[in-house]
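Novice: My questions all concern the structure below.
The values are calculated or read from the model by the stated rules, or taken from the named source; none is laboratory data. The shown structure was predicted, so the numbers you read here are calculated from the model rather than taken from an experiment. Glycine also receives a Cβ, built like all others from the backbone with ideal geometry; neighbour counts cover every protein chain displayed. To get the accessible areas, we keep the full protein, side chains included, count just its heavy atoms, and leave off ligands, DNA and RNA. Shrake-Rupley method; radii C 1.70, N 1.55, O 1.52, S 1.80 Å.
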Amino acid sequence: MPTTLLEVRELTTRYITRFGESVYAVDHVSLKVEEGKSLGIAGESGCGKSTLALSLMGYYFAPLHYMSGQIIIDGRNISGMDPDDVRKSVLGKEIAYIPQAAMNALNPTQKVINFIEDVIRVHDYGATKQQIYERARTLFERVGLPESVLHKYPVELSGGMKQRTVIAISVLLSPKVLIADEPSSALDVTSQKMVIKMIKQLLHDGLVGSLIFITHELPLLYNVTDDIMVMYAGQIVEKATAREAVFDPLHPYSKGLMGSIIVPEEGLREVKLTAIPGVPPNLKKPPLGCRFAERCKYVQPECIVNAVGLRNLEGGRAYRCIFSEAELREAYKNG
Amino acid sequence: MKHTIRQVFHSGKFIFGFSILVAILLVVIIYPLVIPDPPLAIIAQGTFFEPGIYVNVYDTMTAPKYILNLEGAAAKRIASRLSKDDRTAMRDWLVASGIPEDEIDIDDTALLLDLWETHFDPKVNIPGMTNAKRNYYIRLNTSLDGLLATEGAILAVKNAETGALEEKGVIEQSQYVNASKVANVRLLPLGTDNFGRDVLTELVAAARVSLQIGFIAGTIATLIGLTLGLLAGYIGGLVDDLIMFFTNLFTVIPGLVLLILISFSIGQEKRGATTIAVVIGFTSWYWTTRAVRAQVISLRNRDHVNLSKLSGHSIVHIILNDILPYIASYVVMAMILQISSAILAEASLSILGLGPRTTEVPTLGLMMNWAMIYYAHTLGKWWAYIPVLVTIALITFSMNLMNTGLDQVFNPALRD
Amino acid sequence: MAERKVCLSGTGLTKIYGFGRTRTLAVDHVDFSFYEGEVVSIVGESGSGKTTLAKMLLGLTSTTEGDIYFQGQKRDISTQKKRLEYWRNIQAIFQDPFSSYNIFNKIDAVLLDCINMRGGRQFPYSKKVEMMTQACSFVNLKFEELTNKYPFELSGGQMQRLMIARVFLLMPKILIADEPTSMIDACSRATILDMLMQLRDEIGMTIIFITHDLGLAYYVSDSVYIMEHGKFVESGSADEVILRPKQAYTKRLINDVPKIYEEWDLSTV
């Protein structure tokens, strides 16, 4: 029975703007990640996936505020913890977070090894320079980074190399969960591939317990994660395995999203890309009913009136719609 | 635009600086209306009168008198005429002339005076006493006349015919006059300067002139800087090289030296406030030019500029419509800085004596100049220069604060 | 291939920046021929010189060496008048819809500029409104809803579509689209691409896509040019280049893009 390393129950967080308005960015999100598994979070800009990543760490600072829900890491409930405690005991050791353009975290005036010394000393200030160097060298070797990187300044490294360095550093303490938010989107395709390969290897070798990968690029998720969660307007609208999510999506939004994937593969030129008109709703005043209703091709009057919950199917699959699986499949067949 | 204004006034620093500036402006505008005295009128005979309320003594003689019995009035009177230093000096003399020290109590005025009257003799030679000190003691002795008297003073008028003094009236020690009933009372909150001018009136006029100079110079400098910066940044190439050459020239030559040279060569006659303002304006534009040029260079490759070109707009149209509005906020900030630095530049010039002619209007720098050359600082006449310093500081401080406040508005990254 | 006319072509096109030690060769002696009504993609990673090439084609950047031929004639854009004439035939859409607009002007200005460029400055206002409404409806926008609004009141997708409306008004022979969908949500991408294709179908416009996205290039183009370090390393029809690449660089590029139907081989890096 694989251990659940991360369990989130009904997490709700919001932003409070300087004029006092609330933006409900993450709305009753629940998810589970087991040891050795990876979860992908897909969605477009503004859906709340980056906010979800921040919220999962338990490290809140204005204007992001925690509202309700639980975050349990390997049995330990960290929701509502004081930010300082979170920083000392959770960040880095239990959860590691790699934000977008993480390579900018490297101090341009320090050599990489000095940066690593800082990181380790925070959590283990007894470690000597020798020990730290040894740890760093071993880790870099394992993930395929050359030892010479340790003695370089960030400006001497390429973008891809910097990103891989930061990712390696963030797993130094062998966290249970690694949250990567668009780790490769600022890079060229070759560097992107290297970063992806490295992240997969980290998970495979057990250097991280589990992985949460956030991106808007679906082909990446398909190749990296076991399961995919699709987010829209702060809510989860579909949960499925990667294969199911990409090739057999149930929620109308997921279906539209998967239908707009472009890959340079044979047969793609004949396929008609789907387009979804409209824009996501304003999260300052989220609609009462289904949040996708105004853009949905299959919308019915009931969709607008009542809030829609997640429908759970067997195998851990779920989607948020008032229609049953059979009804949806019928509707899709008819176009 | 409305949103921007809302943001601007949301910034605490801007509001604070703005209010100080507005307060100064109001004072500068309203004060001359209320007190229309010419600022350079010499009203005092003598130098550096201290701040205070000056009551005409002659008028107090004829003003209605009121009897007030206030406690400690006599003690205050005596204390003001016999200071601690004087008492200590008296004790020293008495001790030196042989009186045992423990018999002398300098706080007991009556006893001290008694001892003094009994023993003081100007002819007694105390070893080691200088002539000056001896004269001091003689003066002190004379001034002690009637210190403890409780009778009033007698007013006498000379009879026009006989030349003899005739008693007119008596001034009792318990008589007071109501200052508002005295015909001539002058409030001099900041005293007078070395020429005998009312410092406060002078200060207000000087602030007005300095602000004028600052605004004129600042505007000239900003306009020149803006135009040159726009041309250099947008057109680039040879035009850019030429303009940058000139700008670098002006940057490298120390501004103050240039100002001094120009000011000196204009000559005392032609140096009015406006002339100085123009000179300052024409020598301080280089900073704005560089700043604007840098901004324009980063703007000229933007998509909306390219699209404007593709839509067939002329260079002038693009500069005015696509570049200028984007740097407007920056230019406003630059202008504020130019104004405050122009005020300081004028003050520096005036301290050196190269500022506007001194016969018509004072400027803040001129007041500083006078205070310096008449040794106000060594003489301890703080009112001649500290208020001026404070005013200069307030003006520049308020403008820089406004600038910092605006900084936060136009650069969202700096907002807290 | 039937008799197709060459719309835009170039020989030995080169752009060099700087002098001496800081001399950079952005575009290196590039030859090409684009036909009327063709959809071309120029694919390259950042630093490959594709944006510089685009700017040269547009006439926004000067060429150091080489010639550009428009409809068989050598291009001459030495005076403002000649430039205006050229820009009636070639326009562009840029990557970031937000920075394509002057934030101080209402969006009407963008469309009115186009009408003026077509010689419609003297048209009565009602006619101008009619033209603008027609252009907006082509891109599924309602002019009466957008008029007098400022750019920041629109969404990214709306702004990019308005850029296309602008192209519709101008009807140029050539459109250069520099990463037109990279900052748009995936769901709205198809809309933008469809509209561009429609323009091509209706007026035979040549579209040149500048992109780093091989998938987009494959999906939308007739011909693909692969650019590396300022040179075209491979060119041909989309099928040829993407499915049967010949050059090592092209093969590597294609291998590094994540796939979903085929196996994505991670061992090649």
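Novice: Using the alpha carbons of region C:133-175, what is the convex hull volume per residue in cubic angstrom, as a whole number?
Specialist: Residue-normalised Cα hull volume stands at 71 Å³.
Novice: Right, another one. Tell me the per residue accessible area of region B:89-167 using a 1.4 Å probe; a whole number in Å² is fine.
Specialist: 68
Novice: Same structure, new question: Give me the mean projected area, in nm² to one decimal, of the convex hull enclosing the Cα positions of region A:1-115.
Specialist: Mean orientational projected area (region A:1-115, Cα hull): 9.2 nm².
Novice: Okay, next question. Any idea of the accessible area per residue across region A:1-102, 1.4 Å probe, to the nearest Å²?
Specialist: With the other protein chains kept in place, region A:1-102 gives 43 Å² per residue.
Novice: Right, something else. Which parts of region C:54-94, residue by residue, lose 30 Å² or more of accessible area when the rest of the protein chains are there, as against the chain isolated (1.4 Å probe)?
Specialist: Those are C:LEU60, C:GLN80, C:TRP87, C:PHE94, which lose 30 Å² or more relative to the chain on its own.
Novice: Where in chain C lies the longest segment free of GluC sites (Glu not before Pro) that are both loop residues by DSSP (not H, G, I, E, B) and have at most 16 other Cβ atoms within 10 Å?
Specialist: C:37-261
Novice: Using the reciprocal of the averaged 1/r over all distinct C-alpha pairs, how large is the Kirkwood radius of region A:183-335 in Å?
Specialist: Taking the inverse mean of 1/r over all distinct Cα pairs, region A:183-335 comes out at 17.2 Å.
Novice: Near C:ASP194, within a Cβ-to-Cβ distance under 12 Å, what is the net charge of the other residues, with Lys and Arg +1 and Asp and Glu -1? Intermediate values should be presented prior to the final figure.
Specialist: Numbers: positive: A:LYS272, C:ARG161, C:ARG189, C:ARG200; negative: C:ASP201.
For residues surrounding C:ASP194, the net value is +3.
Novice: Okay, moving on. With helices defined as uninterrupted DSSP H runs, which ones in chain A have an alpha carbon span along their own long axis of at least 24 Å and mean Kyte-Doolittle hydropathy of at least 1.6?
Specialist: Both cut-offs are met by no helix.
Novice: Quick one: plug the Kirkwood hydrodynamic radius of region B:325-383 (C-alpha pairs) into Stokes-Einstein at 4 °C, 1.567 mPa s, and report D in µm²/s.
Specialist: It diffuses with D of about 98 µm²/s by this estimate.
Novice: Here is a further query. May I ask for the Rg/Rh ratio of region B:284-416, computed from Cα atoms with Rh as the Kirkwood radius, given to two decimals?
Specialist: Reported Rg/Rh, Kirkwood definition of Rh: 1.19.
Novice: Normalised by the empirical 2.2 N^0.38 Å for globular proteins, what value does the Cα Rg of region A:189-243 take?
Specialist: 1.21
Novice: In region C:139-174, what residues drop by 40 Å² or more in accessible surface going from the chain by itself to the full protein assembly, probe 1.4 Å?
Specialist: Listed in order, they are C:ARG166.
Novice: Accessible area of region C:25-144 with a 1.4 Å probe: how many percent of it is carbon plus sulfur?
Specialist: The C+S portion of the solvent-accessible surface of region C:25-144 is 48 percent.
Novice: Provide the three semi-axes, in whole Å and in decreasing order, of the ellipsoid equivalent to region B:143-281 as defined by the square roots of 5 times the Cα gyration tensor eigenvalues. Intermediate values should be presented prior to the final figure.
Specialist: Values: eigenvalues 895, 56, 39 Å².
Result for region B:143-281: semi-axes of 67, 17, 14 Å.
Novice: What is the Cα convex hull volume of region B:114-197 when expressed per residue in Å³?
Specialist: Taking the convex hull of the Cα positions in region B:114-197, it is 277 Å³ per residue.
Novice: Please grab the % of Cα pairs in region C:1-69 that end up more than 21 Å from each other.
Specialist: Value for region C:1-69: 28 percent of Cα pairs lie more than 21 Å apart.
Novice: May I ask you to order C:94-107, B:247-260 by the average number of other C-beta atoms within 10 Å around their residues, highest value first?
Specialist: For the peptides C:94-107, B:247-260, the packing ranking is C:94-107, B:247-260.
Novice: Just grab the label-to-label distance for A:ASP74 and B:ILE29, each label 7 Å out from Cα along the Cβ direction, in nm (one decimal).
Specialist: In this crude spin-label approximation the distance works out to 7.0 nm.
Novice: With a Förster radius of 60 Å, plug the Cβ-Cβ distance of C:GLU240 and B:ARG357 into 1/(1 + (r/R0)^6) and report the FRET value to the nearest 0.05.
Specialist: It comes out at approximately 0.10.
Novice: At 37 °C and 0.692 mPa s, what whole-number value in µm²/s does Stokes-Einstein give for the translational diffusion of region C:140-209, with Rh from the Kirkwood sum over Cα pairs? It would help to have the intermediate numbers written out before the result.
Specialist: Working: Rh = 12.8 Å.
Estimated via Stokes-Einstein, D reaches 257 µm²/s.
Novice: Could you order the peptides C:191-201, A:60-70 from most to least packed, using the average number of other C-beta atoms within 10 Å per residue?
Specialist: Per-residue Cβ counts within 10 Å, averaged per peptide and sorted highest first, yield C:191-201, A:60-70.
Novice: Among the listed pairs C:LYS55/C:LYS173; B:LYS309/C:LYS149; A:LYS200/C:LYS259; A:LYS32/C:LYS259; A:LYS32/A:LYS239; A:LYS162/A:LYS197, which have their C-alpha atoms separated by more than 19 angstrom in this model?
Specialist: Flagged as over cut-off: B:LYS309/C:LYS149; A:LYS32/C:LYS259.
Novice: Separate question: Over every pair of different alpha-carbon atoms in region A:264-335, take the mean of 1/r and invert it; report that Kirkwood radius in Å.
Specialist: Value: 14.6 Å, from the Cα pair sum.
Novice: Starting from the Kirkwood Rh over alpha-carbon pairs, what translational D in µm² s⁻¹ does region B:10-58 have by Stokes-Einstein at 4 °C and 1.567 mPa s?
Specialist: My calculation gives 90 µm²/s for D.
Novice: Counting only protein heavy atoms, what percent of the accessible surface of chain B is carbon or sulfur at a 1.4 Å probe?
Specialist: Ligands and nucleic acids excluded, carbon and sulfur give 63 percent.
Novice: Over region A:121-164, what number does the Rg to Rh ratio reach, with both radii from the alpha-carbon atoms and Rh per Kirkwood? Let's see the in-between values first.
Specialist: On the way: Rg = 11.8 Å, Rh = 11.6 Å.
Radius of gyration relative to Kirkwood radius: 1.02.
Novice: If the elastic network links every pair of Cα atoms under 10 Å, which of B:LEU203, B:LEU310, B:LEU231 fluctuates the most in the Gaussian network model of chain B?
Specialist: Its mean-square fluctuation being the largest, the pick is B:LEU310.
Novice: Per residue, how large is the accessible surface of region A:182-335? Use a 1.4 angstrom probe and give square angstrom.
Specialist: That works out to 42 Å² per residue.
Novice: Buried by at least 20 Å² relative to the chain on its own: which residues of region A:240-262 qualify, computing accessible area with a 1.4 Å probe on protein heavy atoms?
Specialist: The answer is A:PHE247, A:SER260, A:ILE262 - residues whose exposure falls by at least 20 Å² when every protein chain is included.
Novice: Another question about this same structure. When the accessible area of region A:155-224 is split by element with a 1.4 Å probe, what percent falls to carbon and sulfur?
Specialist: Numbers: 970 of 1890 Å².
On region A:155-224, the fraction of accessible area on carbon and sulfur atoms equals 51 percent.
Novice: How large, in Å, is region C:83-129 by the Kirkwood hydrodynamic radius built from its alpha-carbon pairs?
Specialist: Working: mean 1/r = 0.0815 Å⁻¹.
Over region C:83-129, the inverse of the mean reciprocal pair distance is 12.3 Å.
Novice: May I ask for the equivalent-ellipsoid semi-axes of region A:111-260, computed as the square root of five times each C-alpha gyration tensor eigenvalue and listed largest first in whole Å?
Specialist: Ellipsoid half-lengths, sorted descending, are 34, 16, 12 Å.
Novice: Would you mind putting B:348-354, A:314-320, A:266-272, C:133-139 in packing order, based on average other-beta-carbon counts within 10 Å, highest first?
Specialist: Answer by packing, highest mean first, reads B:348-354, C:133-139, A:314-320, A:266-272.
Novice: Still on this model: Hey, any idea what the orientation-averaged projected area of the convex hull of region B:133-175's Cα atoms comes to, in nm²? Each step should come with its number before you reach the end.
Specialist: Numbers: hull surface 18.6 nm².
Mean projected area of the Cα convex hull: 4.6 nm².
Novice: While we're looking at this one, here's another question. Leaving out ligands, DNA and RNA, calculate the buried accessible area for the pair C and A with a 1.4 Å probe, summed over both sides, in Å² to the nearest 100. Write down the numbers at each step before the final one.
Specialist: Values: alone 14360 and 16570 Å², together 27500 Å².
Its buried surface, counting both partners, is about 3400 Å².
Novice: Taking every eigenvalue of the Cα gyration tensor of region C:1-155, multiplying by 5 and rooting it, what semi-axes result, largest first, whole Å?
Specialist: In descending order the semi-axes read 34, 20, 16 Å.
Novice: Let me know the mean shielding of C:180-187 by other chains, meaning the per-residue number of their Cβ atoms within 10 Å of its Cβ. Before the final figure, lay out each step's value.
Specialist: On the way: counts 0, 1, 0, 1, 2, 12, 18, 15.
For peptide C:180-187, the averaged partner shielding equals 6.
Novice: Next question. Work out the P(r) tail for chain C: percent of alpha carbon pairs separated by more than 27 Å, whole number.
Specialist: 42
Novice: Right, another one. Considering every Cα-Cα pair within region B:225-367, what fraction, in whole percent, is farther apart than 19 Å?
Specialist: Details: 5860 of 10153 pairs.
More than 19 Å apart: 58 percent of the Cα pairs in region B:225-367.
Novice: If you don't mind, another one. Over all residues in A:264-272, what is the mean tally of Cβ atoms on other chains that come within 10 Å of each residue's Cβ?
Specialist: Other-chain Cβ atoms within 10 Å of each residue's Cβ, averaged: 6.
Novice: First select every other residue whose beta carbon is under 14 angstrom from the beta carbon of A:TYR298; then total the charges, Lys and Arg +1, Asp and Glu -1.
Specialist: My count for the surroundings of A:TYR298 gives +1.
Novice: Compute the Rg/Rh shape ratio of the protein assembly as shown: radius of gyration over Kirkwood radius, all on alpha-carbon atoms.
Specialist: 1.15
Novice: Run the helix sum for chain B: -39,500 (n - 2.57) per DSSP H stretch of 4+ residues, divided by residue count, reported at 222 nm to the nearest 500 deg cm²/dmol.
Specialist: Taking each H run of at least 4 residues, the total per residue is -19500 deg cm²/dmol.
Novice: Also, quick follow-up: Taking the convex hull of the alpha carbon atoms in region A:89-170, what volume per residue do you get, in Å³?
Specialist: Value for region A:89-170: 90 Å³ per residue.
Novice: Let me ask you something else. Under 10 Å, Cα contacts only: if you run a Gaussian network model on chain B, which one of B:PRO36, B:PRO100, B:PRO51 comes out with the highest mean-square fluctuation?
Specialist: B:PRO100
Novice: Sum -39500 (n - 2.57) across every DSSP H segment of at least 4 residues in chain A, then divide by the residue count to get the 222 nm mean residue ellipticity, nearest 500. Can you show the working numbers first?
Specialist: Values: 10 runs with 99 residues, N = 335.
Helices in chain A give a 222 nm mean residue ellipticity of -8500 deg cm²/dmol.
Novice: Along each of the three principal axes of the Cα atoms of region B:82-229, give the extent in whole Å, ordering the values from largest to smallest.
Specialist: Taking the Cα atoms of region B:82-229, the three principal extents are 86, 52, 30 Å.
Novice: Exactly which trypsin sites (Lys or Arg not before Pro) in region B:260-300 are in a DSSP loop and have at most 14 other Cβ atoms within 10 Å?
Specialist: Loop-located and lightly packed - B:LYS270.
Novice: Give me Rg/Rg_expected for chain B, where Rg uses Cα atoms only and Rg_expected = 2.2 N^0.38 Å with N residues. Could the numbers behind the result be given before it?
Specialist: Details: Rg = 32.6 Å, N = 416, 2.2 N^0.38 = 21.8 Å.
Expressed relative to 2.2 N^0.38 Å, the Cα Rg reads 1.50.
Novice: If you rank A:LYS197, A:LYS88 by how much accessible surface each has, with a 1.4 Å probe, what is the order from largest down?
Specialist: A:LYS88, A:LYS197
Novice: In a Gaussian network model over chain B where Cα atoms closer than 10 Å are linked, find which of B:SER263, B:SER143, B:SER298 has the largest mean-square fluctuation.
Specialist: Fluctuation is largest for B:SER143.
Novice: Could you state how much accessible area is buried at the C-B interface, both sides summed, with a 1.4 Å probe, in Å² to the nearest 100?
Specialist: It comes to approximately 1600 Å² buried between C and B.
Novice: How large is the helix-only mean residue ellipticity at 222 nm for chain C, computed as the sum of -39500 (n - 2.57) over DSSP H runs with n ≥ 4, divided by its residue count, in deg cm²/dmol to the nearest 500?
Specialist: Mean residue ellipticity, 222 nm, calculated: -11000 deg cm²/dmol.
Novice: Could I ask something else about it? Over the whole of C:106-115, what's the average partner chain Cβ count within 10 Å per residue? Rounded to a whole number, please. Intermediate results must be reported in sequence, preceding the final value.
Specialist: Numbers: counts 0, 0, 0, 2, 4, 0, 1, 6, 3, 0.
Averaged over the peptide's residues, the number is 2.
Novice: May I pose another question? Counting other Cβ atoms within 10 Å, keep those with at most 13, restrict to DSSP loop, and tell me which trypsin sites (Lys or Arg not before Pro) in region A:1-67 are left.
Specialist: Passing both the DSSP loop test and the Cβ count: A:ARG18.
Novice: For region C:201-269, what are the per-bin percents of Cα-Cα distances with bins 5 Å wide, up to the bin holding the maximum?
Specialist: Over region C:201-269, the share of Cα pairs per 5 Å bin runs 3, 15, 26, 25, 16, 8, 4, 2, 1, 0 percent.
Novice: Testing the spin-label approximation: label points 7 Å from Cα along Cα→Cβ at A:THR241 and B:ASN141. State their distance in nm.
Specialist: 12.2
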